[in-house]
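Let me begin by presenting the structure, written as structure tokens, before commenting on it.
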Amino acid sequence: MAGRLTGKRAVVTAAGQGIGRAIAAAFLAEGAEVLATDLDAGKLDGLAGALPSSLDVRSDAAVAEFAGRAGRVDVLVNAAGFVHHGTILDCTDAEWELAFDLNVRSMHRTIRAFLPGMLERGNGSIVNIASAVGADATAPNRYVYGASKAAVVGLTKAVARDFIRSGVRANAICPGTIQSPSLDERIAALAEMNKTTVEAARQAFIDRQPMGRLGTTEEMGALAVYLASDESRFTTGQTHVADGGFTL
Ligand SMILES: NC(=O)c1ccc[n+]([C@@H]2O[C@H](COP(=O)([O-])OP(=O)(O)OC[C@H]3O[C@@H](n4cnc5c(N)ncnc54)[C@H](O)[C@@H]3O)[C@@H](O)[C@H]2O)c1
């Protein structure tokens with residue numbers, strides 16, 4: 001089926017690579033107009049048909065300025081996020097601040113900026129990328145990451161509840177382990193930490209997945225299309241887990 005998002009105008013953060021990029025590409029394939037944003041605008045090259053913009057979601061001023069010139073926005077996808085490795089004993093105050101600012105407060109910033117326009121039109125879909133870690137399960141060494149992603153779930157439900165009769169919906173996607181550039185970095189770091197090979201470190205991530213494989217960014221894009229589209233119009237405030245059985 002094509003054209004499932006025809007007539008919709010979407011903003012996607014962190015669309016330069018990984019899940020954000022796949023969501024932007026899936027939206028374009030379904031006929032949406034896509035304002036693709038990333039801290040590093042250079043990464044948006046090659047996202048054919050998108051309207052690219054540099055956007056640092058950690059900046060109040062940048063988000064407000066972007067929202068001011070974005071025009072009508074029907075769909076907001078918040079994909080920016082960062083994985084900190086370690087327990088509570090490894091987490092410095094600066095790392096706590098970074099995790100909560102990039103993973104949670106960024107969504108507070110963008111939703112605050114785009115929600116008024118959605119409310120005015122009585123229509124909108126907000127899709128926040130949380131994680132299976134922090135939603136229904138956890139994993140070792142994901143202390144502040146899990147805490148911040150649990151906060152994303154809470155934030156998503158709060159927005160959904162407060163505007164339940166407005167026509168604006170908010171949902172969270174909770175991915176399991178997904179092949180992406182930053183996963184490759186985490187695999188390389190784990191190999192170094194455990195003094196093992198990259199292949200062995202990759203296998204450790206695969207072994208966390210009961211299905212026996214990593215997820216793909218395209219699988220996250222497909223779910224995001226559904227949540228962005230009117231097909232999901234009776235669905236709000238929910239966590240949508242796509243994790244290969246990680247939380248089973
Ligand atoms: N990959 C996984 O296994 C996995 C699993 C669960 C959840 N997630 C979540 O999915 C989201 C995307 O992760 P990924 O691994 O697909 O992508 P990634 O980490 O490889 O890419 C992240 C992108 O975010 C951009 N970015 C970084 N700081 C930014 C900022 N301040 N403003 C705007 N953009 C910024 C980067 O330039 C990059 O393009 C994150 O929220 C992550 O927590 C990922």
Within the chain, helix-based [θ] at 222 nm, where runs of 4 or more DSSP H residues each add -39,500 (n - 2.57), nearest 500: -13000 deg cm²/dmol
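So what is the accessible area of the chain per residue, in Å², with the probe set to 1.4 Å?
Details: 11260 Å² over 248 residues.
It amounts to 45 Å² per residue over the chain.
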Span from the segment 186-219 Cα centroid across to the segment 14-54 one, whole angstrom: 26 Å
Cα pair count fraction exceeding 32 Å, expressed as % - the chain: 17 percent
The chain, relative contact order in percent, only Cα pairs under 8 angstrom and at least six apart counted: 21 percent
Relative contact order [Cα under 8 Å, 6+ residues apart], segment 42-123, whole percent: 39 percent
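Could you compute the FRET efficiency for Arg121 and Ala64, with r as their C-beta to C-beta distance and R0 at 22 Å, rounded to 0.05? Don't skip to the end; give the middle numbers.
Values: r = 19 Å, r/R0 = 0.88.
Plugging the Cβ-Cβ distance into 1/(1 + (r/R0)^6) gives 0.70.
Counting pairs of alpha carbon atoms under 8 Å apart in space and at least six apart in sequence, what relative contact order in percent does segment 150-212 give? Walk me through the numbers on the way to the answer.
Values: 30 pairs, mean separation 14.2, N = 63.
Once divided by the residue count of segment 150-212, the mean separation gives 23 percent.
Considering only DSSP beta bridges with both partners in the chain, what is the antiparallel share in %, to the nearest 5? Mind dumping the intermediate values first?
Working: 0 of 28 bridges.
Looking only at bridges with both residues in the chain, the antiparallel portion is about 0 percent.
The values are calculated or read from the model by the stated rules, or taken from the named source; none is laboratory data. Just so we're clear, the structure is a prediction, and the values are computed from it rather than from any experiment. So basically every Cβ, Gly included, is an ideal-geometry build from the backbone, and we count neighbours across all protein chains shown. Just the protein is used for accessible areas: all its heavy atoms, side chains included, with ligands, DNA and RNA removed. Shrake-Rupley method; radii C 1.70, N 1.55, O 1.52, S 1.80 Å.
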